[in-house]
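Asks: Please see the structure below; I have some questions.
Please treat every number below as a calculation from the coordinates, not as lab data. Because the structure is predicted, anything quoted here is derived from the model rather than measured. Note that each Cβ is placed from the backbone with ideal geometry, even for glycine, and that neighbours are counted across all protein chains shown.
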Amino acid sequence: MAKTLRDFLDQHRDVVRVVLDDLVGSSPREVGADIFVSPTGQWGTIGGGQLEYLAIDEARRMLRQGQGTVQLDIPLGPDIGQCCGGRVRLVFQRVDEAARSAALQEQAQRAQAEPQIYIFGAGHVGRALASALALLPYHPIVIDSRAEELAVLEADVEQRLSALPEGDVRTARPGSIFLILTHDHALDFLLAREALLRGDALYVGMIGSKTKRGTFSNWLRREFGSDADWMLEDFICPIGAGGSHDKRPAVIAAMVAAELLILQDMRASIAVADHPA
């Protein structure tokens, strides 16, 4: 199975790209969602269900008949067995070399825009986080000083063996996410301090407990006085504790992923409200 769009396009040379180009009302996916269809495979999704089935069927008909471009306007109602209630316009385009290059460039630009998530610590929870977040629109980076822990990381994510992980905090791009869960509480505190000092992180969170948060807060106030209070306003500790008392790594990872998605959606909504079209 292809892991990337590039892999898919390398494996399947005869492909149609289907783009959800416009919508009115509700639909399974947003404008810009796309799926690439070959005679024997597909990459991506426009929401599944009958809409996607029809899109795949039309794309393969185009491949059989040699058509280059088709546009369909589809009502998402009883006629196709869906109840979203909206209408969508799908644009079908045969993927030639120019379209292939354009699609790969678009994907690279989307990947570049995805927030980077620095996961400090490749233990059980760190590995669970990497697996959960690798499926979402983020760029996870797992950092640890222990080569043996990185060696058992199963998720297909970036990994860094680093003896000075605070350097990674300092060089991260603005809007990054920092998840701190190393094997050393003193290192956790150092990394959290560095991340909070940046002032431009999307999220700074540390594994632990209310007691650990209190200890860290007192330590930070001894260094920065009252200035520590604003630094701590958006600091999350413990991470993943908002909706479950279950402390299994996979559950913590799921809860953290939910926290991040909700936070990102809230900030996007605020940005739209502040800058309406």
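Asks: Using packing as a proxy for protection, rank 133-145, 117-129 so that the peptide with the highest average count of other Cβ atoms within 10 Å comes first. Mind showing how you got there, number by number?
Replies: Values: 133-145: 19.1, 117-129: 24.8.
Top to bottom by mean Cβ count within 10 Å: 117-129, 133-145.
Asks: Is it possible to state the helix-based mean residue ellipticity at 222 nm for the chain, with each DSSP H run of 4+ residues giving -39500 (n - 2.57), the sum divided by total residues, to the nearest 500 deg cm²/dmol? What is it? Let's see the in-between values first.
Replies: Numbers: 10 runs with 122 residues, N = 277.
Using -39500 (n - 2.57) per qualifying helix, the result is -13500 deg cm²/dmol.
Asks: Also, quick follow-up: Rounded to two decimal places and with Rh computed the Kirkwood way over Cα pairs, what is Rg over Rh for the stretch 5-111? Mind showing how you got there, number by number?
Replies: Values: Rg = 13.5 Å, Rh = 14.0 Å.
So for the stretch 5-111, dividing Rg by the Kirkwood Rh gives 0.96.
Asks: Next up: In what sequence, highest mean first, do 202-212, 103-113 appear when ranked by Cβ atoms within 10 angstrom?
Replies: Details: 202-212: 18.5, 103-113: 12.5.
The packing order, highest mean first, is 202-212, 103-113.
Asks: Just to be sure I understand: if I project the alpha-carbon convex hull of the stretch 131-216 onto a plane and average over all orientations, what area do I get in nm²?
Replies: On the way: hull surface 23.6 nm².
About 5.9 nm², averaged over all directions.
Asks: Below 16 Å, Cα to Cα, which aspartates and glutamates can K247 reach? Residues fewer than 8 away in the same chain don't count.
Replies: By straight Cα distance, K247 reaches E259.
Asks: Find, to one decimal place in angstroms, the Kirkwood hydrodynamic radius of the stretch 180-235, where the mean of 1/r is taken over every pair of different Cα atoms and then inverted.
Replies: Details: mean 1/r = 0.0885 Å⁻¹.
So the Kirkwood estimate lands at 11.3 Å.
Asks: Percentage of Cα-Cα pair distances in the stretch 114-272 greater than 20 Å, rounded to whole percent? Don't skip to the answer; put the middle values down first.
Replies: Numbers: 5906 of 12561 pairs.
That fraction is 47 percent.
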